[in-house]
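Q: Shown below is the structure under consideration.
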Amino acid sequence: MADSSFKRVVIFASGSGSNAQRLMEYFDNHASIRIVALFSNNPEAFALERARKFNIPAQVFTREAFRNGTVLEQVKTFNPDLVVLAGFLWLVPAHFIAAYPNKIINIHPALLPKFGGKGMHGHFVHEAVLQQKEKESGITIHYVNEYYDQGAAIYQHVCPVELEDTPELLAKRVLALEHEHLPRVVEMLLQEQK
Ligand code: GRF
């Protein structure tokens with residue numbers, strides 16, 4: 001099938017990249033969707049290594065390049081139908097949002113709008129959920145706007161918070177939900193796209 005007939009996904013990741021890994025596995029040899037590139041702001045991100053293993057072009061960028069539009073120009077060369085932030089920690093500049101209206105999504109390890117916003121990532125999220133003695137947590141997949149974690153929600157999935165939970169135990173339970181649902185939501189969004 002000619003490349004142009006594929007729906008194309010660009011991933012942004014700042015860290016380990018286990019969500020990126022799931023996406024690359026799920027869409028490896030997919031009939032109509034292809035992961036075409038991975039971008040990271042962190043030269044040490046293991047996500048870069050994971051992309052290389054899948055022969056997916058992996059590029060590192062600086063804050064300046066992200067801010068001044070250089071990264072947007074690089075992303076445009078891949079002509080993505082969807083940009084997925086999979087553990088990406090920086091705010092997306094307004095010019096980037098404007099270039100891909102309703103085509104940038106993020107996965108957050110909590111039930112937004114609670115436990116979101118600046119600094120609410122990874123361990124800090126689960127710590128806050130436990131501190132508030134929440135009975136449940138979960139994942140939120142949402143559209144990205146120029147504010148942390150404030151775009152419209154696309155999909156949420158709930159899991160219980162157990163009495164003996166530590167941030168690590170809760171993180172593990174939530175991450176498993178991310179891995180289970182992110183690829184399917186990406187697939188659904190792209191199959192809905194005209
Ligand atoms: C995940 O918990 C995700 O919800 C959050 O950052 C973490 C990324 O993990 N945005 P990984 O890098 O995909 O393993």
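The numbers here are math on the coordinates, done by the rules we state, and not lab data. Everything numeric here is computed off the predicted structure, so don't read it as measured data. Virtual Cβ from ideal backbone geometry, glycine too; neighbours counted across all protein chains shown.
Q: Over what distance in Å are the Cα centres of the stretch 140-169 and the stretch 78-132 separated?
A: 9
Q: I want to check the label-to-label distance for PHE46 and ALA98. Put each point 7 Å from Cα in the C-beta direction and report it in nm to one decimal.
A: 3.9
Q: Let me ask something else. Along the charge dipole of the stretch 3-192, pointing to its positive end and built from +1/-1 on Cβ of Lys, Arg, Asp and Glu, which listed residue (ILE97, GLY87, SER16) has its Cα farthest out?
A: ILE97
Q: Relative to the longest principal axis of the chain, what angle (0 to 90°, nearest 10) does the C-alpha long axis of helix 167-192 take?
A: For helix 167-192, the angle is close to 40 degrees.
Q: Among the lysines, which fall within straight-line cross-link reach of LYS103, defined as a Cα-Cα distance under 18 Å, with same-chain neighbours fewer than 8 residues apart omitted?
A: LYS7, LYS76, LYS194
Q: Mind listing the long-range amide H neighbours of ILE154? Cut-off is under 5 Å, sequence gap 5 or more, other chains count too, H placed in the peptide plane at 1.01 Å from N.
A: ILE141, HIS142, TYR143
Q: Could you work out the relative contact order of the stretch 3-192? I mean the mean sequence separation of Cα pairs under 8 Å and 6+ apart, divided by the number of residues, in percent. Show your work: numbers first, answer last.
A: Values: 349 pairs, mean separation 38.0, N = 190.
Reported as a whole number, the value is 20 percent.
Q: Using the eigenvalues of the Cα gyration tensor, what equivalent ellipsoid semi-axes result for the stretch 3-192 when each is taken as the square root of five times the eigenvalue, whole Å, largest first? Working shown, then result.
A: Working: eigenvalues 144, 64, 49 Å².
Semi-axes from the Cα gyration tensor: 27, 18, 16 Å.
Q: Provide the gained length on full extension for the span ARG67 to GLU162, in nm with one decimal, where the gain is 0.36 nm per separating residue minus the Cα-Cα distance. Could the numbers behind the result be given before it?
A: Numbers: separation 95, 0.36 × 95 = 34.20 nm, distance 4.13 nm.
Full extension from ARG67 to GLU162 adds 30.1 nm.
Q: Taking the Cα centre as origin and putting +1 on Lys and Arg beta-carbons and -1 on Asp and Glu beta-carbons, what dipole magnitude results for the chain, to the nearest 20 debye?
A: Details: 19 positive and 21 negative charges, 95 e Å.
So the dipole magnitude of the chain works out to roughly 460 debye.
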